[in-house]
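The values are calculated or read from the model by the stated rules, or taken from the named source; none is laboratory data. Nothing here was measured: the structure is a model prediction, and the numbers come from that model. Ideal geometry is used to build each Cβ from the backbone, glycine not excepted, and the neighbour counts take in all protein chains shown. For the accessible areas, the whole protein counts, side chains as well, though only heavy atoms, and no ligand, DNA or RNA atoms are used. Shrake-Rupley method; radii C 1.70, N 1.55, O 1.52, S 1.80 Å.
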Amino acid sequence: MKLKGQKRESSESSEGAKGKMTFLLAMVTLVSAFGSSFQYGYNVSVINSPAPYMQDFYNRTYFNRTGKPMSSAFQTLLWSLTVSMFPLGGLFGSLMVWPMVNNCGRKGTLLINNLFSIGSAILMGTSELAKTFEVIILSRVIMGIYAGLASNVVPMFLGEMSPKNLRGAIGVVPQLFITIGILAAQILGLQSILGNAEGWPVLLGLTGIPSLIQLLILPFFPESPRYLLLQKGNEEQARKALKKLRGWDDVDDEIEEMFQEDRSEKEEGQFTVLSLCTFRGLRWQLISIIVMMMGQQLSGVNGVFYYADRIFESAGVKSDSIQYVTVSIGAINVIMTLLAVFIVEYLGRRILLLAGFLLCCASCAVLTLALNLQHTISWMSYLSIACVILYIIGHAIGPSPIPSVLITEMFLQSSRPAAFMVGGSVHWLSNFTVGLVFLYMEAGLGPYSFLIFCAICLATMLYIFFIVPETKNKTFMEINRIMAKRNKVEIQENKEELEDFRPVSDRQADNKILFNSKL
């Protein structure tokens, strides 16, 4: 056993050295997140500020065509379509994840996806010149498809490239850029910048610039090593990519871990969504991502942002200053998500999720009380502001960034694309549902709407506490073993203990034979 212990010790020290942020890994992370995730956030909020000017454009265009003013009911319908087509497109984009990442690769999918964004940006930017509002609605669908793909493929791509001790931090970066995108749209949407009658087409068209940058730079970066090895069977290219990403030549341990992963799941083959939903060995992983994604969107984040303007106005903020308050809320969101990048590897995923949902739950409960009493007790409006800020802090450190990290970590290579497809679909369907239902909830229940969000936060928090394991600093295989016990299944691993005694070159030869027989 001495030989085995020595091997493990050297392996651990080697892995510790490998787990560093190289320049190439940092650049891949930044280019992927800026070129894709940033635009998701940007397009979530880009139409909020120029809404009155865009609606006026709809009216003028309709009048010029028909000679009659647009009815208020038809205008409401058109604007509802403009807003709601984005999350609906996101759902369609999520349904495209599985076939695209398996056939085109992770990097290939991101590159193809840029064409959706650039095409939409051109259409939206020229819509006023072309005197057509229909292309804005069509472009919102296309941008939704783009965001649906980006929100799933970027975390998958970065998660598969990252060393285990940086996987959480790198996995939060896409959410950081989503919040930066929201903030950028809020700043550029100020009336003094582009949120006015002349500037709104430029505001909408700017979304193509990050995609163009990514389209030009990303081809020079490597594809996911796991995709190259486990799905394409190209060990040479996988090694080459890993060496570039890690900054040195000794990548034998990571390659071997990938081969172990392949051996453990070779009987199932590539999972489709249907086989994922019916496979007992992944039951609790699947339930967990559905619960977390539903909890993320149904926890009231859209409701809090919807109420924020009214809350600040009731506290005495002038109506023409509300837009600056909205920008400050966006800035808090960015700062707290940036904090999550630095603390996720120290505190772990579970702590951030539990603390985040607890803060959201408490904020919703107190906000209900404060909104009901703000007309009778003067200082309650300030308590409402505190609740909004605390809610945003809570959501930014846990519920927003962590679920997509856990999808990457809780599933192996063969099931990960299908898992992201399910998680992404639940995310966008829940988002669409909240947008559709919240106005009716608010009309019927008023501030008591937040009690429903409070209950959802509490239920999600309890589920995470009892079911979701800590995945910090664990390999995909170690996480898979933890979940296998919960699913009450055995993992098929070929003589794993004996592997430690054999030279790496011998193991690689066996693995090549295994791959050739499999292919």
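Taking the range 43-111 as the region of interest, the helices (runs of 4 or more DSSP H) fully inside it that hold 3 or more residues being under 17 Å from residue 207 (Cβ atoms) and under 17 Å from the mean Cα position of the chain (by Cα) are 72-95. Could we say that residue 115 is open to solvent by 10 Å² or more (accessible area, probe 1.4 Å) and more than 29 Å from residue 223 (Cα to Cα) here? Considered against the rule, which asks whether it is open to solvent by 10 Å² or more (accessible area, probe 1.4 Å) and more than 29 Å from residue 223 (Cα to Cα), residue 115 comes out as no.
If you go through the range 76-114 and pick out every residue that is without any contact (Cβ under 8 Å) to a residue 12 or more places away in the chain and within 20 Å of residue 225 (Cβ to Cβ), you end up with 2. Restricting the range 295-337 to residues that are over 13 Å from residue 391 (Cα atoms) and not in a helix (DSSP H, G or I) leaves a set whose member that is most open to solvent (accessible area, probe 1.4 Å) is 318.
Of all the listed residues (356, 398, 330, 348), the sole one being touching a residue at least 24 places away in the same chain (Cβ under 8 Å) and in contact with a Pro (Cβ under 6 Å, 6 or more places away or on another chain) is 356.
Just wondering, is there one or more residues in the range 211-231 that are open to solvent by less than 50 Å² (accessible area, probe 1.4 Å), over 17 Å from residue 21 (Cβ atoms) and among the charged types (D, E, K, R)? Yes - at least one qualifying residue is present in the range 211-231.
Only a single item in (1) modelled with pLDDT under 90; (2) open to solvent by 10 Å² or more (accessible area, probe 1.4 Å) is not met by residue 381, and it is number (2). Going through the range 454-472 one residue at a time, which ones are buried (at least 16 other Cβ atoms within 10 Å of the Cβ), under 21 Å from the mean Cα position of the chain (by Cα) and not β-branched (Val, Ile, Thr)? Listed by number, the residues that qualify are 457, 461, 463, 469, 472. Against the condition over 20 Å from residue 182 (Cα atoms), at pLDDT below 95 and either outside the structural domain of residue 181 (by the TED database) or in a helix (DSSP H, G or I) (or both), how does residue 129 come out, does it pass? Criteria met by residue 129.
Each row is one residue, and each column tells you yes or no for (1) modelled with pLDDT of 85 or more; (2) not hydroxyl-bearing (Ser, Thr, Tyr).
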| position | (1), (2) |
| --- | --- |
| 302 | no, yes |
| 310 | no, yes |
| 324 | yes, no |
| 327 | yes, yes |
| 334 | yes, yes |
| 339 | yes, yes |
| 343 | yes, yes |
| 348 | yes, yes |
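Within the range 52-73, can one find any residue that is in contact (Cβ under 8 Å) with a residue 12 or more places away in the chain, under 24 Å from residue 168 (Cα atoms), open to solvent by 30 Å² or more (accessible area, probe 1.4 Å) and not hydroxyl-bearing (Ser, Thr, Tyr)? For the range 52-73, residues in contact (Cβ under 8 Å) with a residue 12 or more places away in the chain, under 24 Å from residue 168 (Cα atoms), open to solvent by 30 Å² or more (accessible area, probe 1.4 Å) and not hydroxyl-bearing (Ser, Thr, Tyr): absent. Among the residues of the range 372-400, those that are part of a helix (DSSP H, G or I) and either within 19 Å of the chain's Cα centre (by Cα) or hydroxyl-bearing (Ser, Thr, Tyr) (or both) comprise 381, 382, 384, 391, 392, 393, 394, 395, 396, 397. Just one of the numbered conditions (1) under 21 Å from residue 49 (Cβ atoms); (2) assigned to a helix (DSSP H, G or I) is not true of residue 292: (1).
For residue 237, the criteria (1) open to solvent by 50 Å² or more (accessible area, probe 1.4 Å); (2) assigned by the TED database to the domain that holds residue 136 hold in every case but one, which is (2).
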